[in-house]
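The values are calculated or read from the model by the stated rules, or taken from the named source; none is laboratory data. Source: prediction; values computed, not measured. All Cβ positions, glycine included, derive from the backbone under ideal geometry; neighbour counts span all protein chains shown. The accessibility values were calculated without ligands, DNA or RNA, using every heavy atom of the protein model including side chains. Shrake-Rupley method; radii C 1.70, N 1.55, O 1.52, S 1.80 Å.
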Amino acid sequence: MPALLEVRRMRVKSFTLISALMGCFFLGLSSPGDAQSVWQWRNPFPQGNQLNSLSYLDSSHLWAVGNHGSVAFFNGAYWRLQTSGTLEDMTSVKAVSSNNVWAVTSNGLTPPLSQGFVYHNDGTSWSDATFSPAPYGLNAIDGADASHVWAVGTSGSIYFYNGSTWASQTAPGTAWLFGLSRSEEHTSELQSH
């Protein structure tokens, strides 16, 4: 029994040490020898809003979108916040190329609350690319290239962008659509909830 008791003590000590080190890392505690001995925001970094979607092109092009219009961009070395131009909750993002990134919102802040909005990044800044706005909240966006982009949302709403205009497409029903994926032939497979 003494050997078993010793193993348990070692596990508790190891767990306590690891927990303390992780707490210091995530809370941003500085060591006493640091010139700036202050609390720093570390987790979540670089902002505190919930993130809802990520889109990855390569190791130096990653976008994350979230609540209150949050957009963060990772350039391979560090995260930078980008101004989206909205305070609405962004639900999905799709990077088709480094200068063709799309994001959608599920609910507008202004009535009616079921409207969805589309935002586009041209590699420099984000802008409103909404086509009406959509009469229904948008939950997901995907695209193959600059002229094949789909957005889906509540009440079976499906929208297609052909490179110049958005058009509504017929849905197989009125289920709320929360995701889509495409094959190389530019077809979409819808995911309903």
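Here are some notes:
- First in segment 55-71 and at positive phi, second anywhere and not small (G, A, S), Cβ under 7 Å, 6 or more apart: H68/N49; H68/L87; H68/D89; G69/T86; G69/L87; G69/E88; G69/M90
- Residues located in segment 57-106, provided they are surrounded by fewer than 17 Cβ atoms within 10 Å (Cβ to Cβ) and part of a loop (DSSP other than H, G, I, E, B): S59, S60, N75, G76, A77, Y78, T83, G85, L87, S98, N99
- Within segment 159-183, considering residues that are more than 15 Å from D142 (Cβ to Cβ) and among the polar types (S, T, N, Q), the one surrounded by the most Cβ atoms within 10 Å (Cβ to Cβ): S168
- Which numbered condition W102 fails, given (1) modelled with pLDDT under 95; (2) touching a strand residue (DSSP E or B) at 6+ places or on another chain (Cβ under 7 Å); (3) of a type in the set (A, V, I, L, M, F, W, C): (1)
Each row is one residue, and each column tells you yes or no for (1) closer than 30 Å to D145 by Cα; (2) hydrophobic (A, V, I, L, M, F, W, C); (3) modelled with pLDDT of 90 or more.
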residue	(1), (2), (3)
K13	no, no, no
S19	no, no, no
N52	yes, no, yes
S60	yes, no, yes
N75	yes, no, yes
Q82	yes, no, yes
L87	yes, yes, no
M90	yes, yes, yes
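- Of all residues making up segment 74-105, the number that are free of Cβ contacts under 8 Å to residues at least 24 places away in the same chain and charged (D, E, K, R): 0
- Residues located in segment 128-158, provided they are open to solvent by less than 50 Å² (accessible area, probe 1.4 Å) and of a type in the set (S, T, N, Q): T130, N139, S147, T154, S155, S157
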